[in-house]
Each structure stands twice: as structure tokens, then as C-alpha cells.
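Heads up, the thing below is written out as C-alpha cells.
Computed from the coordinates by the stated procedures, all read-outs in this text should not be read as laboratory data. Note that the coordinates shown come from a computational prediction; the quantities given were computed from them, not determined experimentally. Cβ: placed from backbone, ideal geometry, glycine included. Neighbour counts: every protein chain shown.
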Amino acid sequence: MKDLLVVGGGPAGLSAAIEAARLGLEVEVVEEHAEVGIPEHCTGLVSLMGMHEILGTGAPIIREVKGFRVYSPSGKAYTVRGAEAKAAVIDRPAFERELLRRAETNGALVTLGARFDGDGGFKTLINAEGTASRISRRFGFEIPKAIPAAQVDLETRDFEEDLVEIYLGSYAPGFFAWTVPRREGVRVGLACQEGIPLKKVETMLEKFEPWRRFAGARRSRPFFGKVVTGGPLKRTQRGRVIAVGDAGGFVKPTTGGGVVLGCFTARLAARVAYRFLSEGERIDAFGTGWRRLYGREFKLMKLARKVYDRMECEEVDRVLEALYTSGALTDAIRYDMDLQGKALWRLLESRAIFSLVPSVLRAIF
Ligand SMILES: Cc1cc2nc3c(=O)[nH]c(=O)nc-3n(C[C@H](O)[C@H](O)[C@H](O)COP(=O)(O)OP(=O)(O)OC[C@H]3O[C@@H](n4cnc5c(N)ncnc54)[C@H](O)[C@@H]3O)c2cc1C
């Protein structure tokens, strides 16, 4: 019986395995696919700071990103570009292969092509199954709130290499659509709370002006996933099982980005498992630990999503205009991309706060 069984060889599971094996635990990771990182479901946009913290050097960066262009529901574009890159688009499969290499180098046993569907045989278990929800159901966890998404890669030269584009409005109800630069073109996609994402992507490619420039571009097969939007679970540990990454809801409710905070919290879970087994510390220290480090940030990001969910398109238009003209949108890119509390406060300090009042009231009551 291993000290720690990690179910899922995604970024969270492998990060937990690296940390636990480094501390000296006997670790096994089981991953149901024959390769890590495949099939791909992510856009791969992460903070450079986060990537540096996770991998040090050697991150598989495809593009460095200096800013964003956001389109309001009525189609008005606002571009914000910093002097330096704060974000990067990474090659997700290569990122996971590097994490796998480090987990094995530290002494973890990684078994590929093996699905865990038991309920015992471990001293502690880290549930890093992503959005699959099978392990969560088995061990009595809540299921993280998630919405469907679809993406497609397009071969084109008609894109800005250091800019991400975001589209708000009725094409992607309750979330947004995106264009992200890749090596040989762009990755476009969207997540939505209503309707079928792939159909909406097709409609956008046909009718949405900024995407019509991609007509005729060679397309990859579409690929799919679920974006977690509800924030961390109330209970992220049950008995000797800890839920991390998407399974624990450790994804920014604002943007759906879960790679960096997923890896950070998974490492914390590994340290708790280690202290539980070697020093008799309480295993529920995980819940206290992540709340102390990230609890406030998650609360603010969750509130921001709740407010956005209740906004009408005209309100989004007004707020964006106010954020841009007051300089708050430009300022926001100076702040931490993962812990977005400061950036959100900065947005609230601007006079856009007045346009937000009705949606804030609707979110609260
Ligand atoms: C469309 C889309 C775009 C996204 N874009 C971004 C982005 O740009 N930036 C960002 O930071 N985040 C993004 N995310 C979120 C990000 O992909 C996730 O937060 C991240 O992958 C979570 O990592 P994880 O290790 O928890 O789960 P996963 O990456 O889903 O890994 C879980 C692994 O567990 C395995 N598994 C499941 N059940 C079992 C089992 N019973 N036995 C064995 N193996 C099992 C699966 O095969 C899988 O490999 C995006 C998500 C989607 C859907």
C-alpha cells in the first residue's frame, strides 16, 4: 500500500506527486490515458510568474502575451498592451510531459493507461481527476460547477502574436469567447451557460466580424472540455481523500484559468498528506491552508462572476467603457493575473462602480 495514491496525471495530480515524492512519500499516480496531456482541452494561457514558480526554467512557451483586446457585446474593441509580457501561451501536452518527467525523477511511480475505480488500497488519496467527477461521487464530494466549452485551431497569419482577444456578449452567454495566438495560427473557442458551444463557434466563424477574417483557414478537429466556474468546494477533504485542481474547484471563476492555482493548491495538499502521515497533523489542515492563502481571492473572483452573470449586455457595454476611459482597464494588467483580488479592487475604485450598482444588487439579492 503506497503512502499516497494520486488519481489523475494532469497538472494538479503531477504537481502533487512531485511535491510528495520530493518529501519522501511513496507515491503512485494513475492516469487513465496512455499519454499525459492528451486529449487536449485547454487553451494554455497562463501567467509567466505562475509558470516560473511551477517549473523554474524550461517552460514550454509558445508565445509571450503582452496584453488583450476585449470586445464589448455591441462590438466595440478596447486594447490594452503592457510594455512587458505577463502571460504566456504554453504547449500543454509538453508541460505535462515535463511534470511527468519530474515526478518520476523524484521517485513517484506513474502508471499510464490505468483507470482507478476502486475505493481502497491507499493510506491517503489525492483526487486530481479533473472534471470527470467519478472519484468525487464515490467519496462523497460535491461536484464542481462547470460549463461546456469547444475550441478549434486555425492556421492563419492574420493575428497579433502578443495579444489575446476576448469577446463578451450573446455569442457566449454567461462566459466569453477567445482568440489566443499559437505557433502557426490561433486557437479560438468559447464556453457558455446556454446552448451548444461548437455550434456557437461555427456561427461566430461565419458571422462575427473579427472572426470572419479566418474564413478559409485550415481547421483542426474541434476539441471539448468543461470550464469550472463555481470556485472551490466547501469541503475539499473527506476522510483520507483530498480534492485538488478542477476536482476541488481550484479554478479562477472569472476566467476559467485553473493551471497555476491548481498546481499551487495540489502542492499544498501533498505537504498536508506528508505531515498527516509523518507527524500526525490533521488532514483537514488542507482546507484551512488554502483558505488562508487564497480564500479571500477566490471569494472576490466568485463575486465578480456572480455580478457578471447578472449583467445585461447594455450594462456590460457601459461598464467596459467606464473602465477603459477611467484607465482602470489599463491598470489592471499590472496586477497579479492569478490572484486577481487587487485587479478587481482597482476596477471597483473607478467610476465604473456606478454602472455596476444594479448588477451588484441583483447578485446579492
Ligand atoms: C476550454 C478550456 C480552456 C481552458 N483554458 C485554460 C487556460 O487558458 N489557462 C488555464 O490556466 N486554465 C485553462 N483551463 C482550465 C485547465 O485546463 C484546468 O483547470 C486544468 O487542466 C486542471 O488540471 P487538473 O490536473 O485538475 O485536471 P485535468 O487537466 O483535467 O487532468 C485530470 C486527469 O485525470 C485523469 N483521470 C480522470 N479520472 C481518472 C481515473 N478514474 N483514473 C485515472 N485517471 C483519471 C484524466 O484523464 C486527466 O488526465 C481551460 C479549461 C477548458 C475546458
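Quick look at the values:
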quantity: Rounded to whole Hz, the Karplus (6.51, -1.76, 1.60) HN-Hα couplings of segment 271-282, x for glycine and proline; calculated: 5, 5, 4, 4, 5, 4, 6, 9, 10, x, 5, 5
quantity: For the chain, size of Cβ-based charge dipole, Lys and Arg +1, Asp and Glu -1, in debye; calculated: 740 debye
quantity: Charge tally in the Cβ shell below 11 Å around MET301, where Lys, Arg are +1 and Asp, Glu are -1, MET301 excluded; calculated: +4
quantity: Sites LYS123 and SER220, calculated FRET efficiency, Cβ-Cβ separation with R0 41 Å, nearest 0.05; calculated: 0.45
quantity: Top positive-direction residue, dipole computed over the chain with Cβ charges, set LEU320, ALA94, VAL27; calculated: LEU320
quantity: Relative contact order computed over the chain (Cα-Cα under 8 Å; 6+ residues apart), in percent; calculated: 20 percent
quantity: For segment 116-122, Karplus couplings with θ = phi - 60° (6.51, -1.76, 1.60), whole Hz, Gly/Pro x; calculated: 7, 9, x, 9, x, x, 8
quantity: Segment 146-227: radius of gyration and largest Cα-Cα distance (Dmax), Å; calculated: 11.7, 33
quantity: Rel. contact order, % - alpha carbon contacts under 8 angstrom, at least six apart, segment 1-142; calculated: 40 percent
quantity: Packing-based ranking, highest mean first, of 76-84, 156-164, 184-192 given that Cβ atoms within 10 Å are counted; calculated: 184-192, 156-164, 76-84
quantity: Relative contact order of segment 233-278, pairs being alpha-carbon contacts under 8 Å that are 6 or more residues apart, as %; calculated: 28 percent
quantity: All-pairs alpha carbon distance profile, the chain, 20 Å steps from 0, percent; calculated: 30, 57, 13, 0
quantity: Of PHE224, GLY195, VAL251, farthest towards positive along the dipole that unit charges on Lys, Arg, Asp, Glu beta carbons give segment 188-307; calculated: GLY195
quantity: Net dipole in debye of segment 146-227 [+1 Lys, Arg Cβ; -1 Asp, Glu Cβ; about Cα centre; nearest 20]; calculated: 320 debye
quantity: Inter-part distance where segment 193-260 and segment 6-22 are each reduced to a Cα centre, Å; calculated: 22 Å
quantity: Segment 205-330: translational diffusion in µm²/s, Stokes-Einstein, Kirkwood Rh over Cα pairs, 25 °C, 0.890 mPa s; calculated: 139 µm²/s
